[in-house]
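Read-outs: derived from the displayed coordinates by stated rules, not from any lab. Everything numeric in this text was worked out from a predicted model, so none of it was measured. Note that each Cβ is placed from the backbone with ideal geometry, even for glycine, and that neighbours are counted across all protein chains shown.
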Amino acid sequence: MHTKRPICSACLRPNISCICNLACSISNHTEVLILQHPLEQKNAKGTARLLQLSLSQCHIVVGETFSTDELTELLSEDRNNLLLYPSDTDSITPSELKDIPSPKKPLRLILLDGTWRKSRKLLHCNPMLKSLPRLALDSNSEGQYHIRKSHKPGQLSTLEACCAALTQLETLDLSPLLASFDEFVRRLQYQAQQGQAISGTIPHNT
């Protein structure tokens, strides 16, 4: 008889692979909004949940196509919204933030969480996101997330990209979170070495 594995209510992973002990306590001034593709929600390799558990201002909203009303509420005008997504022409640097319409407003950083194909679909399905100013990451940022294949040099995991952006936007010590990320990757690599599948989804008790 198949018995469902107990699931951690915080990280949504099986208790045996719970990552809650990797979570840090980091007070970020920039709000982080992660729009997560539904197929990424249960992926065991995903890093967004560790971000949410560690940052004081970070939340995840799951979906592929959002209504105008939903996005208007999520991208409320109490903050300046910045989309963290590559652009060859219209990205801004942190030094240019003073030129945005309301420079005294706090910032909201929007990340699209999924494979590159799925993140492109999120952008395509939600035209409002295309109108947001985009933040340019330091070109020297290099990813250490070797569990997933990169399609281009310099591609980062969601957690790495977020940490790189926050480092550019405010003064934060993110070394504890990056150390937790390294341990997260090490655990996945160990599972792979032991012949345990890590490419599937995280089971739920539902």
query = What is the spin-label model distance, in nm, from Ser56 to Gln191 if the labels are put 7 Å beyond Cα along the C-beta direction?
reply = 3.1 nm
note = A correct Karplus calculation of ³J(HN,Hα) over the range 8-17, with 6.51 cos²θ - 1.76 cosθ + 1.60, θ = phi - 60°, whole Hz and x for Gly and Pro, returns 5, 6, 8, 9, 6, 10, x, 3, 5, 10
query = Counting Lys +1, Arg +1, Asp -1, Glu -1, what net charge surrounds Ile16 among other residues with beta carbon under 12 Å of its beta carbon?
reply = +3
task = Take the Cβ-Cβ distance between Lys105 and Cys18 as r, set R0 to 35 Å, and report the resulting FRET efficiency rounded to the nearest 0.05.
result = 0.40
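Quick one: net charge of Cys125's neighbours, Cβ under 15 Å, K/R +1, D/E -1?
+1
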ask   = Amide H to amide H, which residues 5 or more places from Leu132 or on other chains are under 5 Å from it, using H placed in the peptide plane?
value = none
